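Read the structure below first, then the notes.
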Amino acid sequence: MSKLGLSPSLIDKRLLFVGIFLTALAGLVLEIAITRIFSAAIWYHFAFVAVSVALVGLGSSGLLVHYRLKKIKENWAADITIASSIGICIVLPITLFIMHSLASQVTYLPLFMFLFAIPFFFVGVVISAAFSAFAQTAGRLYASDLIGASVGAILVVLFLSLIGGEGTTLLVGVIAAICATIFSIITKSKKKTIISLAFVVFAISLLAVNSSTQAFSIQTDPTANKDLPIFLRENPGSQIVNTQWNSFSRIDVVEGISGNCIPALDLRNPSQCAEEGLVAKIFIDGGAGTNIISWDGNPESRKDLSSWMQYIPFTMKDDPKILIIGSGGGRDVVAAIASGSTDVTTVEINPIIFQTVRSYGERAGNLYDHEYVNSNVDEGRSFVSSSTEKFDIIYIPFVDTWASVSSGGLGVSENFLYTVEGFQEYYDHLEEGGKIVAVRWLIDAPRFVTTFTQLLENNNISRDDIHRHIITVSSESAVQDPSVTMSILSKEPFTESEISFLADSFERNGYKSILIPDRVMLEPYPSLLRDNIPMEKFNEQFPTKIHPVTDDSPFFLSFEKPIPKILETLLYVSIVIAISFLVIPFVWLRKDAEKSSSIRVSGIVLYFAALGAGFILIELALLQKLILLLGNPTMTFAILLFTMLLSSGFGSLASTKFMKVGIRNLTFAILGIVGIGFFYVMMLPLLIHSVISEEFMVKVAVSIAMLAPIGFLMGMPLPTGMRVLKSNLPTYIPWMWAINGAFSVLGAVLTVVVGILHGASYALSIGILIYLVALGVALNWKKQIVLENTS
């Protein structure tokens, strides 16, 4: 091999495609792993930032390949490819060890993000260098990339469950070292192959070391204003006795509790906490906590819980049939039984929490195996939609604490439990006179009132009568958080006896009534419930967003107007990144411009920018919509992402045969994307709700059938564009890869911004319109362009 790289004609392309497949697989697995690490160690919204950093690392690699490797021209940069793969293997354990040593403190967040961006930069170098040398086989190359990522989407679920976030990250180092070995074999260099194999052994040994010593384990920032570290600081005798991961959470179990059962930031009734009899406390991603309380299985032994504000509705009727969505550690279940129910159905989404409660056996009253309990591991909406039962009370408690809410970290997270459509399903599953009980914070109360108002109007209840269906009460304060607040919706108007019972119970226990029919209606609720002002005018009276949310925009926890500050910052940063990737390369590219080319540089820039933003907008918007259909977040994410990337991979492969000459087939592919996309905008909500109550495998089949056609077509434009570049402006290939990555960052942020402001359907529509921009560029390319294709 010369210093100018290895000639593509001398390379075993099958081995190369295997190397790209594994590199893409490693990149996807790493991206998901670090989102889980950042979410558990710091806050959820920093996980979102981490994804953006990853995409920037991938994109910026194209600039390096273009700027530093001009001399290599059309040859393959084998040495830098091998070095980049080994670099991933080296950087990842160093990054984990630094996070471990610095206790994941948010002060060092820029350092952590920079370190994690490096391996993505290396991943991008490997792929960008391959595209630069093998653009004539871009279809097969891009297919290897996408199919590798799709397999990674499935495997990451398994990896996170078996070896956790840190172990999964170290495993990526093993895969990267294997890639280095494959690339070394391609060069036929024994020395490089031996060195790469040594790094494989090195990476495997690190996995073993972490398994036995937890040398790379990432703890939650002990100084953070987050629930787990706060709890450990306020309970010096407590300690973490077990930690488990799955694809959507890290669960820490704490025992040895000596003080209050709730951190001081979660102000409630301290005496209640002291009397709770805590056996253990479960924390989700170092934040939201749920309690396992001591119980002997006898309903009479925990009658004390019946006087708690959020459990008083359980005592309104003899032996009510109760559904608890999000039963967690089980205290709500014990309270339901202690309040007289002999028919309690529980739904807990997290299997680790469910099994943890079970593991405490008699100490927790064998709660989930109790004769009065029908326990289920499922997502709440999914369970209700497929159930034929009706209930006297549907109880929706919360697990996120005031620290997590006030951090703003939940503002960019979807929650389909609290949408108007969700409450309609609960409403339809109530017996006559049944109640929906939602327990959250005071800041959520106005949004529950507007949601209940919208729901009741949708069910032909006049605005004048709506106030007779709603009761709201708060534990500590009616004007200031943190204060646990309960909102009750009654299917029928509250009876006078129910009103008297609840009002007297609240007053006797010192709770603060906010809305009670014909008794209490604090400002500004009269303007909505008595004066009948429009919902928009009512919203203007609050500093936070309080309008009802829908399945199309399920951001119930997004309070800041107009969008969360962290998201606004990300939007500005992503715009700067996109502009930088457009402008800065011109400093060195102007001298290399090929004036004889039949296509304009501005056109190809616009084309690849449109593909980057359009692809991610459509992909993320469709994923958000279909998550509602499948329910279970673990399988949903894996199946949907796998389907989207795999079908795009096959589309890329097919583009090699269908788009050999001219642009006619390319325009047909883009028109197909636009046509299917607009069909989804109009029909997807109806399709989802028509099958949402079907068996899980039926819903999986429907989801795959929905995603595969558009995914297949979306895999074609990029490799086709690469082949156009190969024939006309081959030196621009790495730069276009960088632009595609930069606009993927912008598109990812825009998806959430538009989703919060207007809904996923608008984000999907914008993605489709952006593809029309790519179509316009393709139509302007001269039809006599002959695309090289030797694959």
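The values are calculated or read from the model by the stated rules, or taken from the named source; none is laboratory data. Computed from a predicted model, the values in this text were never measured in an experiment. Neighbour counts are summed over all protein chains in view; Cβ atoms, including those assigned to glycine, are modelled from backbone coordinates with ideal geometry. Note: accessible area is taken over every heavy atom of the protein model, side chains too, but ligands, DNA and RNA are not part of it. Shrake-Rupley method; radii C 1.70, N 1.55, O 1.52, S 1.80 Å.
Name the shape class, rounded, prolate or oblate, that the alpha-carbon gyration tensor gives for the range 439-517, where a ≥ b ≥ c are the square roots of its eigenvalues, rounded holds for a/c under 1.5, and otherwise prolate holds if a/b is larger than b/c and oblate otherwise. Walk me through the intermediate numbers first.
Details: a/c = 2.85, a/b = 1.31, b/c = 2.18.
Verdict is oblate for the range 439-517.
Accessible area per residue, 1.4 Å probe, Å², for the chain: what's the number?
Per residue, the chain has 36 Å² of solvent-accessible surface.
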* To do: Could you state the angle between the C-alpha long axis of helix 664-691 and the longest principal axis of the C-alpha atoms of the chain, as a value from 0 to 90 degrees rounded to the nearest 10?
  => 10 degrees
* To do: Rounded to the nearest 10 degrees, what's the angle between the helix 760-780 long axis and the longest principal axis of the chain, both from Cα atoms, 0 to 90?
  => 10 degrees
* Within straight-line cross-link reach of LYS491, aspartates and glutamates at Cα separation under 13 Å, skipping those fewer than 8 residues along the same chain -> ASP392, GLU425, ASP428, GLU431, GLU432, GLU457, ASP465
* Once amide H atoms are placed 1.01 Å from N in the peptide plane, what residues at a sequence separation of 5 or more from PHE391, or on another chain, have their amide H within under 5 Å of its amide H? -> LEU430, GLU431
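Please compute the contact order of the range 479-552 in relative form: average sequence separation of alpha-carbon pairs under 8 Å and at least six residues apart, divided by the residue count, as a percent. Spell out each step's value before the answer.
Working: 24 pairs, mean separation 9.8, N = 74.
Relative contact order for the range 479-552 comes out at 13 percent.
Probe radius 1.4 Å, ligands and nucleic acids ignored: give me the carbon and sulfur share of the accessible area of the chain as a rounded percent.
Working: 17440 of 28740 Å².
Carbon and sulfur together cover 61 percent of it.
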* To do: Treating cross-link reach as a plain straight distance, find the aspartates and glutamates whose alpha-carbon is under 20 Å from the alpha-carbon of LYS190, omitting any fewer than eight places away in the same chain.
  => ASP12, ASP79
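Strictly greater than 46 Å: what percent of every Cα pair in the chain meets that? Provide the component values of the computation, followed by the final result.
Numbers: 84027 of 312445 pairs.
Result: 27 percent of Cα pairs exceed 46 Å.
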* To do: Excluding residues fewer than 8 places away in the same chain, name every one of the aspartates and glutamates whose C-alpha is closer than 17 Å to that of LYS565.
  => GLU414
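Give me the percent of DSSP beta bridges within the range 302-455 that run antiparallel, rounded to the nearest 5. Walk me through the numbers on the way to the answer.
On the way: 0 of 18 bridges.
The antiparallel fraction comes to roughly 0 percent.
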* Structure fact -> Note on the chain: contact order normalised by length, alpha-carbon pairs under 8 Å, 6 or more apart, percent, works out to 15 percent
* Structure fact -> Projected onto the charge dipole of the chain (unit charges on the beta-carbon of Lys, Arg, Asp and Glu, signs +1, +1, -1, -1), the Cα from PHE506, LEU456, SER144 with the largest positive-side position is that of SER144
* Structure fact -> Relative contact order as a percentage, the range 671-766, C-alpha pairs under 8 Å and 6+ apart, gives 33 percent
* Working from Cα positions, state the angle (0 to 90°, nearest 10) between the long axis of helix 696-714 and the longest principal axis of the chain. => 30 degrees
* Structure fact -> Going through LYS226/LYS561; LYS191/LYS657; LYS226/LYS545; LYS657/LYS726; LYS317/LYS512 one by one, the pairs whose alpha carbons sit over 27 Å apart turn out to be LYS191/LYS657
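Within the chain, what percent of beta bridges assigned by DSSP are antiparallel, to the nearest 5?
Working: 37 of 56 bridges.
Looking only at bridges with both residues in the chain, the antiparallel portion is about 65 percent.
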* Asked: Could you give the dipole magnitude of the chain about its Cα centre, charging the beta-carbon of Lys and Arg +1 and that of Asp and Glu -1, in debye to the nearest 20?
  -> 5240 debye
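Given a Förster distance of 60 angstrom, what is the FRET efficiency for SER307 paired with LYS191, based on the Cβ-Cβ distance and rounded to 0.05? Intermediate values should be presented prior to the final figure.
Values: r = 76 Å, r/R0 = 1.27.
It comes to 0.20.
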